[in-house]
């Protein structure tokens, strides 16, 4: 696996950093993508001090010039990409849909949906150069239409976070569409549900550790050639859309 190159967005902290650490622990060369240069370079320094093969690439997934520059850097340094983990995401609304503003909805989609699309499009030419291309989109069980529509589901009772939930539902459709298109190219595309993981996003109220939350994205990033594509998965296996 020493010749395998992975790029993880939002990787300076939380689940993204742990995904990077777990991949690097398997000998994969990991590109740590982060918007904040200082924080990204600190994460790289910390992981390198532990002996992990990583390097920093600055990327703001909400900026097309930044994404294009990051893609050009990956090509300049490595010439190809084997694994893309779209982990960067935000959650801004923890209140009923009627209290949501258009501005918060737009900002959420800019990162969680358009950001993933930008990054995937920009890096796709490099992924197509890989013999075993993998794309993992870090989604959420909150994006499940099935669970949100079930009147007996805790999600339906809670009925909160329209912006975040709908952005993850849209992300899952991006997963399916790219997976279907790229199947013939041997590139597998899946969504990962890390579960309610304690991170800055939820003020560390999550019930799972980052080590647990990173496990499924890492597993999907390392799928064998006969592994699944166009699915959403958690530690328990396939999840409902």
Q: Any chance you could give the angle, 0 to 90 degrees and rounded to 10, that helix 37-49 forms with the longest Cα principal axis of the chain?
A: 60
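Determine the relative contact order of the chain: mean sequence separation of Cα pairs under 8 Å and six or more apart, normalised by residue count, in whole percent. Spell out each step's value before the answer.
On the way: 490 pairs, mean separation 45.6, N = 241.
Averaging sequence separation for qualifying contacts and normalising by length gives 19 percent for the chain.
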Q) When 94, 241 are ordered from fewest to most other Cβ atoms inside 10 Å of their Cβ, what list results? A) 94, 241
Q: Describe numerically, in nm with one decimal, the distance between label points set 7 Å from Cα along Cα→Cβ at residue 211 and at residue 3.
A: 3.3
Q: Quick one: among 167, 144, 191, which has the greatest mean-square fluctuation in a GNM of the chain with alpha-carbon springs under 10 angstrom?
A: 144
Q) Of the residues 179, 122, 149, which exhibits the maximal mean-square fluctuation in a Gaussian network model of the chain defined by a 10 Å Cα contact cut-off? A) 149
Q: Multiply the residue separation of residue 235 and residue 103 by 0.36 nm, subtract the distance between their alpha-carbon atoms, and state the gained length in nm to one decimal.
A: 44.1 nm
Q | Gaussian network model of the chain, springs between alpha carbon atoms under 10 Å - residue of 50, 64, 203 with greatest fluctuation | A | 203
Q: State, as an integer percentage, the relative contact order of segment 94-168 based on alpha-carbon contacts under 8 Å between residues 6 or more apart.
A: 50
Q: Report the Stokes-Einstein translational diffusion coefficient (µm² s⁻¹, integer) for segment 62-114, Rh taken as the Kirkwood radius over Cα pairs, at 37 °C with viscosity 0.692 mPa s.
A: 244
Q. So what is the orientation-averaged projected area of segment 109-241, using the convex hull of its C-alpha atoms, in nm²?
A. 8.2
**Q.** Radius of gyration and Dmax over the Cα atoms of the chain, both given in Å
**A.** 16.9, 52
Q.
Just want to confirm a number: the relative contact order over segment 20-163, from Cα pairs under 8 angstrom separated by 6+ residues, in percent.
A. 23
Q) Given only helices, namely DSSP H runs of n ≥ 4 each adding -39500 (n - 2.57), what is the per-residue ellipticity at 222 nm of the chain, to the nearest 500 deg cm²/dmol? A) -13500 deg cm²/dmol
Q: Give the share of C-alpha pairs in each 5 angstrom bin for segment 114-183, from 0 to the last occupied bin, in whole percents, shortest bins first.
A: 3, 15, 24, 20, 13, 11, 8, 5, 2, 0
Q) Using a Förster distance of 25 Å, how high is the FRET efficiency between residue 55 and residue 159, based on the Cβ-Cβ distance and rounded to 0.05? A) 0.05
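Say R0 is 30 Å: what FRET efficiency, to the nearest 0.05, do residue 145 and residue 62 get from their beta-carbon distance?
0.75
Readers should treat all values here as calculations from the given coordinates under stated rules, not as data from a laboratory. A quick note: this is a predicted structure, and the numbers were derived from the prediction, not measured. Positions of Cβ are backbone-derived with ideal geometry, glycine not excepted, and every protein chain shown enters the neighbour counts.
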